[in-house]
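What follows is one structure encoded as structure tokens, with my remarks underneath.
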Amino acid sequence: MRCLCLLLLLVLSGCASYSPVEPEVKDKAVMFSAEVGLALSAPPSELLNSQWQKRMFVTKAQTQQALLSQLAINGEGELRLALMSAAGLPVFTLSYNAEQGVAAQHFIAAEDLDPSYILADIQLVHWPVAQLNKHLKGAHLIEYRQGGELIRELRQNDTSLLDIRYGGEVIILNNKIHHYEIRFEEVKP
């Protein structure tokens, strides 16, 4: 009976929803395809000591997940990101600094939400284009205006792989490689 209880306890602990992820190698690139990747980089100086909250609507294959994100960047450039479900349940937390890379803790299973890719998407949206292009492999990022709308486009030769449209308080990232869209909306106090 004692062994059965121990075995049951072991099985139940293996099913726990909290699973820490070890820090990733700092120079490892987030690969969008076999040829295209982004090496994560430190935040630009203008984003130090900043924070924001945004609602994120992630759409993939006709399904949509609504998430609340909180991001804070301290004066040393360490970034902390928390993602919560629409019901307020923590999905994961992430910390990143240029020396140690990404460390994440998952609290509930979330399909297709890889913390490194979320961080890469945040960097593509917020970091300066010149800085991002230094860390891109196999593609380059351009920025232009079209009809008054600011657009960023990740291009490989003449092919658009990803575009970001800045429309006031709404930013829409469309990843054409992995066929998903993230809509970022400001959360006002």
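The values are calculated or read from the model by the stated rules, or taken from the named source; none is laboratory data. Computed from a predicted structure; not experimentally measured. Heads up, the Cβs are rebuilt from the backbone with ideal geometry, glycines too, and the neighbour counts pull from every protein chain shown. All accessible areas refer to the heavy atoms of the entire protein, side chains included, with ligands and DNA or RNA removed. Shrake-Rupley method; radii C 1.70, N 1.55, O 1.52, S 1.80 Å.
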Practice problem: Could you check, for the range 42-62, whether at least one of its residues is touching a Phe, Trp or Tyr at 6+ places or on another chain (Cβ under 6 Å) and open to solvent by 60 Å² or more (accessible area, probe 1.4 Å)? | Solution: yes
Quiz prompt | Any pair with Cβ under 6 angstrom, 6 or more apart, that starts in the range 130-141 at a residue that is free of Cβ contacts under 8 Å to residues at least 40 places away in the same chain and ends at one that is assigned to a helix (DSSP H, G or I) and aliphatic (A, V, I, L, M) | solution = L141/V129; L141/L132
Quiz prompt | So E143, is it open to solvent by 30 Å² or more (accessible area, probe 1.4 Å), closer than 28 Å to S45 by Cβ and out of contact with any Leu (no Cβ under 8 Å at 6 or more places or on another chain) | solution = no
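Yes or no, residue by residue, for (1) touching a strand residue (DSSP E or B) at 6+ places or on another chain (Cβ under 9 Å); (2) open to solvent by less than 50 Å² (accessible area, probe 1.4 Å):
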| site | (1), (2) |
| --- | --- |
| L94 | yes, yes |
| E99 | no, no |
| D114 | yes, no |
| R165 | yes, no |
| V187 | yes, yes |
Quiz item: Would a scan of the range 148-159 turn up a residue that is small (G, A, S) and open to solvent by less than 40 Å² (accessible area, probe 1.4 Å)?
Solution: no
Quiz item: Got a sec? Which of S17, S69, S41 is of a type in the set (S, T, N, Q), modelled with pLDDT under 95 and more than 19 Å from G88 (Cα to Cα)?
Solution: S41
Self-check item: Residue pairs meeting the criteria (Cβ under 7 Å; at least 6 apart or on separate chains; first under 18 Å from Y180 (Cβ atoms), in the range 155-169; second charged (D, E, K, R) and part of a strand (DSSP E or B))
Solution: S160/E153; L161/R155; D163/R152; D163/E153; I164/R152; R165/E149
Quiz item: Hey, among the residues in the range 167-185 that are charged (D, E, K, R) and surrounded by fewer than 17 Cβ atoms within 10 Å (Cβ to Cβ), which one's nearest to Q53 (Cα to Cα)?
Solution: E185
